[in-house]
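The values are calculated or read from the model by the stated rules, or taken from the named source; none is laboratory data. Predicted, not measured: the structure shown is a model, and the values here were computed from it. A quick note on method: Cβ atoms are made from the backbone with ideal geometry, for glycine too, and the neighbour counts reach across all protein chains shown.
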Amino acid sequence: MVIHFLNKRLVPLIALGLAAASLAIAGCGSSSSSTSSSNAASAEAQSAAQGDIPDNQKFLRYNNPKAGYSIKYPEGWAQKGSGNLVTFSDKGNSVQIAVTQGAAPTVASVAAELRKEAGKDPTLKPGTPQQVKVGPNQAIHVVYHVQGPADPVTGKKPTLMVDRYVLANKGRAATVDQSSPVGVDNVDAYRLIIESFQWS
């Protein structure tokens, strides 16, 4: 009888204990979820700070009637230069468009030009050019690495990865250099920019 009586008294107590434990676990879960979203937001802010172009970045079209082309660029980036040499830049990233007159570029001529530039700058490590199609245009594409200018805050000189595209049209050649510090991921944004290039 005593054991039976104790069991009747213990059942509600055990049920209460289990309910409390469930609430504690649920509380931990929401705290963990909140921490996860906070960490994700922090990681996104850090990426933007180091130069990653955000997914919701707006782009504007830059028209250059003098050099005969138009191209999209990220809204808010600073523009330098005009005519045949224009650069858009922000947070260590840059897109430079240089237009020259002359014969259509080839894989060999782009490789030769990079070797010439490497002769002047020993930090430049050229890759291997290849023929590609970007948007409506045929182009010569090559990836190379080079030491960038000193950071105004830290004084450090980052290694830049540069995507170079050389496009030709009616005796003109446009060399588009898209650069970012190594470790910064701007692949999608840079693809959008180069595919938006149009001769006029």
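Structure notes:
- Total residues in region 132-160 satisfying the condition of being buried (at least 18 other Cβ atoms within 10 Å of the Cβ) and out of contact with any Gly (no Cβ under 8 Å at 6 or more places or on another chain): the figure is 4.
- Test result for Asp163, modelled with pLDDT of 95 or more and crowded, with 17+ Cβ neighbours inside 10 Å: yes
Residue-wise test of (1) touching a residue at least 40 places away in the same chain (Cβ under 8 Å); (2) more than 19 Å from Thr87 (Cα to Cα); (3) of a type in the set (Lys, Arg).
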site: Pro122; (1), (2), (3): no, yes, no
site: Gln138; (1), (2), (3): no, yes, no
site: Tyr144; (1), (2), (3): no, no, no
site: Val176; (1), (2), (3): yes, no, no
site: Pro181; (1), (2), (3): yes, no, no
site: Asp185; (1), (2), (3): yes, yes, no
